[in-house]
Ligand SMILES: [Zn+2]
């Protein structure tokens, strides 16, 4: 389906058989929903034939169509249990997330320099089934193991059928775009800031060791060769770490300063992407004791370890 986002189009997959399963739902715009309907009709089906929906993660280009589709068919939705807060937390959760981002911007040294315009929108999904790592979802006459692979988001799951080697990976492993490790709030039960890139790397190390054959991604065509893709991503992390370290050695000390130096074209809300990217790699540099970090009135200040 088409999207107005830079990544271009987003995929949904229909698994025929029993139960007929839709994986991901595109964005909320009518056009996108119409494209799914057209694809259904192309295989002789209609909305009512969808038995269940699985969403690979809680990003709006994958979940946006849920409302419209549930108006047409009473199909349950499978989603990672981490989505519980967003789906059930209401206004209080919305405010908690906003407060988190204010703290995050402050930590980056970007207070007052980034705008984040998110309006409260109640998510009303019917028949939600929360899944966790190791669960099995029967879809299209096959059993798929749920792999929890946080990093790109906190709700990323892959569906894997070992026998066929088929893996539906959402945005965990994209071939044409290097997916961001988005900084998201920890769940209300967790106190500490999440280290999304470190999570992402351990999720990739895990899926690298699995015998995926055909990978069905959230964007772009299905492909084979997830291990070389993961190796290339790890290599990109090394290169980005080197570039960041150079800036730290040159005297830049906050996430915002480094992001502005490396991604000067990012404006408005998109600045967040740069901050998220730099923060993720900085976590890696700190973990490796290449860089050290101190907090100065809530602002994280980084210096090179001598
Ligand atoms: Zn996506």
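Quick note: the coordinates plus some simple rules give every number you see, no bench work behind them. Owing to the predicted nature of the structure, the values given are computational and were not obtained by experimental measurement. With ideal geometry, Cβ positions are generated from the backbone for all residues, glycine too; neighbour counts draw on all protein chains shown.
Averaging the Cα positions of each part gives two centres, and for segment 133-202 and segment 1-75 these lie 19 Å apart. Just checking the listed ones, 140, 82, 26: in the Gaussian network model of the chain with Cα springs under 10 Å, the one fluctuating most is 140. Write down the Kirkwood hydrodynamic radius of segment 75-200, to one decimal in angstroms, obtained as one divided by the mean of 1/r over all alpha carbon pairs. Result for segment 75-200, one decimal place: 16.5 Å.
In vacuo Debye scattering of segment 39-98, one point per C-alpha: log10 I(q)/I(0) at q = 0.12, 0.13 Å⁻¹? Evaluating at q = 0.12, 0.13 Å⁻¹ gives log10 I(q)/I(0) of -0.38, -0.43. Working note: Cα atoms of the chain, range along each principal axis, descending, whole Å: 64, 41, 35. Across segment 233-304, the relative contact order, built from alpha-carbon pairs under 8 Å that are at least six residues apart, equals 37 percent. Taking other C-beta atoms within 10 angstrom as a stand-in for reagent exposure, 58, 41 fall in the order 41, 58, fewest first. The angle between the Cα long axis of helix 90-107 and the longest principal axis of the Cα atoms of the chain comes to about 30 degrees, rounded to the nearest 10. Helix 196-208 axis versus longest C-alpha principal axis of the chain: approximately 50°, rounded to the nearest ten. In the chain, the longest principal axis of the Cα atoms and the axis of helix 271-287 are about 70 degrees apart. Principal axis extents of the Cα atoms in segment 233-304, from largest to smallest and rounded to whole angstrom, are 34, 32, 19.
Across segment 1-59, the volume of the C-alpha convex hull divided among the residues equals 81 Å³ per residue. The C-alpha radius of gyration of segment 1-103, expressed as a fraction of 2.2 N^0.38 Å, stands at 1.17. Taking other C-beta atoms within 10 Å as the exposure proxy, 278, 137, 177 rank 177, 137, 278 from fewest upward.
Would you mind ranking 153, 228, 306, 32 so that the residue whose beta carbon has the fewest other beta carbons within 10 Å leads the list? It would help to have the intermediate numbers written out before the result.
Numbers: 153 26, 228 10, 306 4, 32 23.
By the 10 Å Cβ count, ascending, the order reads 306, 228, 32, 153.
FRET efficiency for the residue 202 to residue 46 pair, using the beta carbon distance and R₀ = 35 Å, is estimated at 0.25. Rounded to the nearest angstrom and listed largest first, the equivalent-ellipsoid semi-axes of segment 152-289 from its Cα gyration tensor are 29, 16, 14.
Where the eigenvalues come from the Cα gyration tensor of segment 209-274, what are the semi-axes √(5λ) of the equivalent ellipsoid, largest first, in whole Å? Don't jump to the answer; show the numbers that get you there.
Numbers: eigenvalues 206, 56, 11 Å².
Gyration-tensor ellipsoid for segment 209-274: 32, 17, 7 Å.
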